[in-house]
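Asks: Below you will find the structure I want to go over with you.
The values are calculated or read from the model by the stated rules, or taken from the named source; none is laboratory data. Everything quoted here is computed from the prediction, not taken from an experiment. Ideal geometry is used to build each Cβ from the backbone, glycine not excepted, and the neighbour counts take in all protein chains shown.
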Amino acid sequence: MTLIKSISGIRGTIGGPAGENLTPPDVVKFTTAYVRLIARRTPGKKLTIVVGRDARISGEMVSNLVEGTLLACGADVINVGLCTTPGTEMAVITKKADGGIIITASHNPRQWNALKLLNSDGEFLNDAEGKQVLAMSEEEEYDYPAIDAIGHVLSREDFNDEHIRRVLALPLVDVEAVRKRRFKVVVDAVNSVGGIVMPKLLRELGCEVVELNCEPTGEFAHNPEPLPQNLTQISEAMVREKADVGIVVDPDVDRLAFVSEDGSMFVEEYTLVAVADYILSENPGNTVSNLSSSRALRDVTERHGGKYYASAVGEVNVVTKMKEVGAVIGGEGNGGVIYPELHYGRDALVGTALFLTWLARKGMTMTQLRATYPSYYASKNKIELTPAIDVDKVLREVKSRYANDNVNDIDGVKIDFPENWVHLRKSNTEPIIRVYTEAKSMDEADALAQRFIAEIKDICNI
């Protein structure tokens with residue numbers, strides 16, 4: 001079906017012709033290129049690479065291919081097995097490895113998988129490094145090491161318990177305060193690795209846990225992207241169980257969404273807003289999110305006397321900006337919380353622990369806490385790409401049409417109007433144009449989105 005090579009890694013559907021999908025030859029080709037890049041940065045060193053995967057059906061197959069290729073390239077392997085994306089990132093740091101490969105297509109449906117490539121800091125390769133991997137993957141000549149130089153599997157070990165331990169040890173995670181509240185929590189882990197780690201974390205925090213879709217079978221019970229239209233099951237369970245908090249994660253557990261006690265969505269955009277409110281109350285400073293994220297983070301940051309900064313979409317871009325401005329908290333509006341005190345990566349475990357601490361200390365219900373934040377409404381739409389759509393032409397034309405407005409073009413085109421905004425960009429993870437809008441009412445956000453979708457179709461004559 002398709003193979004997407006971007007700042008978010010090498011992502012594609014399983015099966016079909018090589019070069020057009022994520023097939024065994026593609027896995028070997030890109031893994032080999034990645035090892036060559038890491039080897040160039042550390043000449044003469046015996047490399048150690050961490051490998052982890054989510055629970056999707058193709059995970060074991062792809063993991064075996066990746067592990068075998070790494071060994072064939074002369075790298076040693078630490079295989080952490082079924083592990084979250086943030087857990088694998090932390091394993092790279094903890095094990096002092098030279099890099100890591102996470103086998104996950106994140107929120108994409110079951111037929112997708114991907115290779116997410118990490119550096120020795122447990123962070124995603126930057127754009128320049130990613131382009132080097134792609135270039136190397138097209139070079140036909142590469143001599144694999146002889147028998148005495150092949151790699152070895154150093155260990156096959158679980159890292160999930162260590163990840164949980166490190167989250168609970170953070171100074172701003174108030175385990176006792178959460179335990180005293182004795183929250184009843186419904187957790188939906190969409191039949192992936194979150195079903196292994198999230199209930200365990202919550203029970204360590206003294207929560208009563210109701211599990212939904214926590215068997216890590218890879219057969220996703222619903223569309224795995226944690227958007228409201230996919231979360232009717234947990235919404236109903238919240239009311240039925242008389243629960244305090246609903247928690248939803250995506251298949252690799254770097255995105256986090258909450259559901260309130262009445263079954264309403266806390267709204268994914270407000271995950272980072274609430275966690276940032278807590279962190280800033282204890283440690284005032286700067287914050288960062290990407291261009292597609294809510295203005296609410298800016299408002300909360302300024303309320304605490306800090307300064308808000310925007311980055312291009314993509315975790316590596318957010319992390320780069322966070323380091324540049326010394327941000328104390330950051331992330332993405334898709335429910336991705338990045339807390340540097342633990343590591344520079346989106347992490348639903350640390351997001352959960354910090355959020356529950358804040359909720360416990362505030363002594364509020366979910367709906368009461370949500371009411372303390374500015375109300376913005378986001379409309380997230382997409383246009384499937386076809387040969388008739390020239391994305392670059394579309395973005396140039398839109399930028400030209402709105403040249404007199406506040407336009408940011410570091411990642412697609414974002415137009416900040418006084419009362420609302422629109423962000424148009426080509427997705428890093430799917431063959432689509434994303435059309436995100438935000439306004440002070442849902443009707444206004446939807447209307448703005450439809451206006452720009454109509455403009456794009458007009459530009460493309462479709």
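Asks: Just to verify a result, which residue in the stretch 438-462, among those that are under 20 Å from E269 (Cβ atoms) and of a type in the set (D, E), is surrounded by the fewest Cβ atoms within 10 Å (Cβ to Cβ)?
Replies: Filtering first and then ranking leaves D443.
Asks: Give the stretch 179-213 a look and list any residue that's in contact with a strand residue (DSSP E or B) (Cβ under 8 Å, 6 or more places away or on another chain), at positive phi and surrounded by fewer than 24 Cβ atoms within 10 Å (Cβ to Cβ), or say none.
Replies: R182, N213
Asks: Go through the residues of the stretch 52-65 one by one and say whether even a single one is in a strand (DSSP E or B) and either touching a Gly at 6+ places or on another chain (Cβ under 6 Å) or crowded, with 24+ Cβ neighbours inside 10 Å (or both).
Replies: Yes, the stretch 52-65 has at least one match.
Asks: So which residues in the stretch 308-363 are modelled with pLDDT under 95 and assigned to a loop (DSSP other than H, G, I, E, B)?
Replies: A312, V313, G314, G333, N334, G335
Asks: So, one more: List, please: which pairs have Cβ atoms under 9 Å, are six or more places apart or on different chains, and start with a residue in the stretch 336-361 that is in contact (Cβ under 8 Å) with a residue 40 or more places away in the chain and within 10 Å of V178 (Cβ to Cβ) and end with one that is part of a helix (DSSP H, G or I) and basic (K, R)?
Replies: Filtered contacts from the stretch 336-361: L356/R181; L359/R181; A360/R179; A360/K180; A360/R181.
Asks: Is one or more of the residues making up the stretch 152-167 outside any helix (DSSP H, G or I), at pLDDT 95 or above and within 27 Å of F355 (Cβ to Cβ)?
Replies: yes
Asks: Of the conditions (1) of a type in the set (D, E, K, R); (2) part of a loop (DSSP other than H, G, I, E, B); (3) modelled with pLDDT of 95 or more, K45 clears all except one; give me its number.
Replies: (3)
Asks: Among the polar types (S, T, N, Q) and within 29 Å of K5 (Cβ to Cβ), is that true of T320? Talk me through it step by step, then tell me what you get.
Replies: On the way: among the polar types (S, T, N, Q): yes; within 29 Å of K5 (Cβ to Cβ): yes.
So T320 fits the description; yes.
Asks: Any idea which residue in the stretch 408-449 is nearest to D299 (Cα to Cα), counting only those that are free of Cβ contacts under 8 Å to residues at least 12 places away in the same chain and in a helix (DSSP H, G or I)?
Replies: D443
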